[in-house]
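Take a look at the structure set out below.
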Amino acid sequence: FKEECNTEKKIAAKVHSCAEKSLLPESEDKIRCDLFDLLKNIVLIRDPEHDKSFYPRFNLEDTSSFRDLDDHSKNVLKRLYYDYYFHRQDKLWRQNALKTLPALLNSSDMLACGEDLGLIPACVHPVMQELGLIGLRIQRMPSEPDLEFGIPSQYSYMTVCAPSCHDCSTLRAWWEEDEERRHRFFKSVIGSDDLPPSQCVPDLAHLIIRQHIESPSMWAIFPLQVRDTTCGFDDQDLLALKEEYMTRPATEETINDPTNPKHYWRYRVHVTMESLIKDKELKTTIKDLIQGSGRSYPHIGEAERQLSLETAALSLGKQ
């Protein structure tokens, strides 16, 4: 690309200018996206400070430029890629982690969790273990390279598990995205050879949530941020437990799309906090899941509660 069009920002401005002059043979959005794809379709990135130096781009195997190379060139580039991202920098990653993370941990009494998902340097898990950091487990992004889906019952205690998070699609949306993947999940995780439902119905959501809440993980988290009568946002996984809260298209429920700079924290839920507080059926379902998993505090009966109050009053009276 020429100097005036060598960044996404410059391309967007140029395409918009051409669109205003009616010079485009196709829609502005399509041409802009196609040019963005071309801009990113490179295997090596030139060092801006050294013209003869290059760096392997992240996920270079996903580009058509890489796929068009001969096998020998592919193997050389893959070795360079893995050496650069996962070996050569490992010592530096570890040094920086052991320098900065203790300062963070000592600055607060809060329990710190490390986001150890996806492709990570080899030093990450040893450093987390050394510092006592708990890891994150999202079922659709397993840490084990031989698994397509995580197995909550096999998570270690030093983890936080969740069916989704704010940076990915909700459970409902993920279920509808890929039919073949849905079949594989239904067979390997649910253990059924039957045809899976096309939508994540409440019974299915209940089963997946139960898998997580009954896991050995220290924490099982199901984000539920709802609005009051004025504003708010939501991760719908818990609301998928009841059909009446599934009226909104699942694709509209994602809180944040990291690949889209204009899609962040803009989702507004269609359910008010007041209506959820009054929903005894949903509250009972969630309560039964928690109590059945053993994660709830021991139930205190009315007699025990009264005795506890009387003991406290006597104690205060003696002081």
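Some observations on this one:
- Residue-wise HN-Hα coupling along the range 38-44, computed from phi with Karplus coefficients 6.51, -1.76, 1.60 (Hz; x: Gly, Pro): 5, 4, 8, 7, 10, 9, 10
- Inter-site label distance for Asp167 and Ser153 at 7 Å from Cα along Cβ, in nm: 3.0 nm
- Using 0.36 nm per residue and subtracting the Cα-Cα separation, the extra length available between Cys5 and Phe86 on full extension is 25.9 nm.
- Aspartates and glutamates whose Cα lies under 13 Å from that of Lys280, excluding same-chain neighbours fewer than 8 positions away: Asp288
- Nearby lysines by direct alpha-carbon distance to Lys287 (threshold 28 angstrom, same-chain neighbours under 8 apart not counted): Lys242, Lys278
- With each label modelled as a point 7 angstrom along the Cα→C-beta vector, the Thr247-Lys287 pair spans 2.6 nm.
- Between the beta carbons of Ser22 and Asp109, assuming R0 = 51 Å, the FRET efficiency works out to 0.25 to the nearest 0.05.
- Protection proxy ranking, peptides 212-220, 19-27, average beta carbon neighbours within 10 Å, highest first: 212-220, 19-27
- Approximating the spin labels as points 7 Å out from Cα along Cα→Cβ, the Arg46-to-Ser192 distance works out to 5.6 nm.
- Checking the Cα-Cα distances for Lys52/Lys74; Lys52/Lys78; Lys40/Lys74; Lys2/Lys52; Lys9/Lys78 against a 25 Å cut-off, the pairs over it are Lys9/Lys78.
- Separation of alpha-carbon centers, the range 168-186 and the range 115-129, rounded to whole Å: 26 Å
Every number here is computed from the coordinates shown, using simple stated rules; none is lab data. Nothing here was measured: the structure is a model prediction, and the numbers come from that model. As a convention, Cβ positions derive from the backbone with ideal geometry for all residues, glycine included, and neighbour counts pool all protein chains shown.
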